[in-house]
C-alpha cells in the first residue's frame, strides 16, 4: 500500500503538489537537450565516415551550464518531501522548509525561454577587467549577483523571486515603525499617518534585488558591445489582487517602480509547463544547407605540405598491395637514421615488419611513419586531394577565378620543413609554388616557368588548379616569422554569425600568451634561422597558452579565413576539433554574447573544409618513382 492511502495522506496538500511537480522535473531533466546544430564545416576526411553524431564537432549539441546543479537541487528537495510525507506522523507536524516553489519556478522559466545558456550563474559587480585586480588587492573574490537563467546568448537575465505578500507586508510594517519612531522623536508629523508612497525612504528587498541586477548588468555588457543584458524578474507568488487580505497598495507601487527602472516584471506561477518538443532528446538536426567553398580559399600549413607532397602528384599504383610496398624505407635511410639517433645519445629501438621480411631491423618511428604514409597513399587512391579541390571549386561557371591564399608564417614553415625533409620533386614543387622567395633551387623563375615546373611529372595536367601564383597576405615582418593578430586585408562585410564567432575566438586565443611547444627540442639540436638546415632539426611551432593543442600559426590561419569570410582548407582535423571546443567554451562563458551562430541563415559559405592530410613522402619511398 502506498503512502497516499495511509492515515493522514490528505495532509499537507500543497507539499504533495510540489512533490509531484518535482518528480516530473526530475524525470524531464535528462530529456532536456537543445537541438543539434550543423556548423558551416564540410569534412571529406576518411575519419568522418566513422564518427557518430555525438563525436562530430561540426554537429554541435551544447548542454546547458548549471543543469546538473538544478537537477541535484531538485533531487535534494524531493528526497526531503518524500521523507516527510511518507512519515505517518507528518499530518501532525508543521511543514518543513523547502525550496520547491523556487526550483519549480526556475524550471518553468528555463523551458519557456529562448536559447538558455546557463543556470545559477553569478556575475561580478565589477567589470571583468577590474575583477582580478580587486581579488588580488583584497585576497577575496568580490561578491557577485545571482542570475537564475542566462538566456538568448546572454542578452536576457532572468531572476526568480518567490516572496509572498506577508513577507513584504512585514517589511512595510518595519519601515512604518522606523519612520513613525523617527517622526515622534523629532516632534513632527502625525504618528497615525502612513509615509508617502513617493517618499525617498520607500524601499524593500524586491526593489533592492532589482537595483542590484541592473547595476550588475551595466558592469557586464555583452562582450565587445555596449549592449546591457535585459532583466526579467519573476514574482511568482506575489498577489496584487485588491481582494487579497494581505494586499497593500505599496505592493503595486513596488512593481511599478521595478518597471520604471526598465525591468520586465512577470507575475504569477506558470503552473505545469510541458517540456517543448524542440528541447527533447533526441533531436534530429535540420537538413544541411547547400554549402560551398568561397572563391578565395585560405590554406593552412597542412595543405601547403599536401600540395607539394609526392603522395598528391605521383601516379597511383594499380592495387593496394602495390601501395603497401611503396613506403618501406631504403636501407641507406635506415642506416642514416640510426646513426643520427646514436649521435644524440639515443638508443635506436628495433622491430620487424612481419609481412615484409627483407626489411630487417628498423627503428620503431620509421615503422610508424611507413604505415602512416601507406595509409595516406591508399586514401589518395580513393579520393585525390587535387581532384577533390577541382571538383568542389571549379564546378560552377566562372569558378576559374578561384584564388588561393596563405599566411607568411605558414609559407615560412612550409619552406623550412621541405628544405629539411623534402625529396627532390617535393622541393621542386615548393620552389615553383613560392618562386618569388624560395631558395630551395637556384633558378629564378617567371610565373609561367613556375607553373610548368610545379605540374612537371604530376598525374594532373598543367593548370588543373590555379595554384600558381600562391597569394600571400601582406606582412611587415621580413624575414622573421610573424603571428599577425589583425588580418591586414579589408575584413569581410555581412559575415555569417559563425564566421564572426570563429574570428572572435581565434583573436581571443592569440591575444593571450604564446609559449614554446610542450615537447620543444633542446637548443643544441635546433638549427638557427638562416643556416644550412641539413645540420639541425626544425623547432616545433609555438603554441597558444589558452590551448597547447593549437599552434599559433594554425589559429592565425583560421583567423584570416574567418574575418575575411573565406573558406579555410585544412588537413589538420585535430586542430579543427580543438578550435571548435574553444568556440563552445567561449559561448558558454558568455564571451560570445550577442553573436547567435546557431540561428538559421541562408548563407551557403563554408567556413572550414577538412580533408585528409598528405605528408612529405619522397624521402621514404622504397624505390624510384616514375
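Taking the range 393-413 as the region of interest, how many residues are modelled with pLDDT under 90 and part of a helix (DSSP H, G or I)?
Adding up the residues that qualify gives 7.
For residue 57, state whether it is buried (at least 18 other Cβ atoms within 10 Å of the Cβ) and at pLDDT below 60.
yes
Among the residues of the range 230-257, how many are within 22 Å of residue 270 (Cβ to Cβ) and under 43 Å from the mean Cα position of the chain (by Cα)?
11
Which count do you get for residues in the range 199-231 that are modelled with pLDDT under 55 and touching a helix residue (DSSP H, G or I) at 6+ places or on another chain (Cβ under 9 Å)?
1
How many residues does the range 429-479 hold that are in contact (Cβ under 8 Å) with a residue 60 or more places away in the chain, surrounded by 14 or more Cβ atoms within 10 Å (Cβ to Cβ) and over 27 Å from residue 384 (Cα atoms)?
2
Could you list, in sequence order, all residues of the range 105-131 that are over 30 Å from residue 236 (Cβ atoms) and either exposed (fewer than 11 other Cβ atoms within 10 Å of the Cβ) or at pLDDT 85 or above (or both)?
129
For residue 363, only one of the following conditions fails: (1) farther than 28 Å from residue 460 by Cβ; (2) at pLDDT 90 or above. What is its number?
(2)
Quick one: would you say residue 240 is modelled with pLDDT of 65 or more, in the same structural domain as residue 149 (by TED's automatic domain parsing) and buried (at least 17 other Cβ atoms within 10 Å of the Cβ)?
The answer is no for residue 240.
Of everything in the range 74-104, what is surrounded by fewer than 18 Cβ atoms within 10 Å (Cβ to Cβ) and within 18 Å of residue 121 (Cα to Cα)? Give them in sequence order.
Passing the criteria: 99, 102.
Of the residues 524, 600, which is out of contact with any helix residue (DSSP H, G or I) (no Cβ under 7 Å at 6 or more places or on another chain), assigned to a helix (DSSP H, G or I) and modelled with pLDDT under 75?
Only one candidate passes the filter, namely 524.
Limited to the range 72-125, what total is found for residues that are within 30 Å of residue 155 (Cβ to Cβ) and in a helix (DSSP H, G or I)?
Going through the range 72-125 one residue at a time, the tally reaches 16.
Just to be sure before I move on: is residue 592 at pLDDT 70 or above and assigned by TED's automatic domain parsing to the domain that holds residue 418 in the structure I sent?
no
Taking the conditions exactly as written (exposed (fewer than 15 other Cβ atoms within 10 Å of the Cβ), more than 29 Å from the chain's Cα centre (by Cα) and modelled with pLDDT of 90 or more), does residue 20 satisfy them or not?
Yes: the conditions hold for residue 20.
What about residue 562, is it within 13 Å of the chain's Cα centre (by Cα) and part of a helix (DSSP H, G or I)?
no
Out of the range 543-560, which residues are in contact with a helix residue (DSSP H, G or I) (Cβ under 8 Å, 6 or more places away or on another chain) and touching a residue at least 40 places away in the same chain (Cβ under 8 Å)?
Passing the criteria: 550, 552, 553, 554, 555, 556, 557, 558, 559.
The values are calculated or read from the model by the stated rules, or taken from the named source; none is laboratory data. Please read all numbers here as calculations on a predicted model, not as lab measurements. Cβ coordinates were reconstructed from backbone atoms using ideal geometry, including for glycine residues, and neighbour counts include every protein chain displayed.
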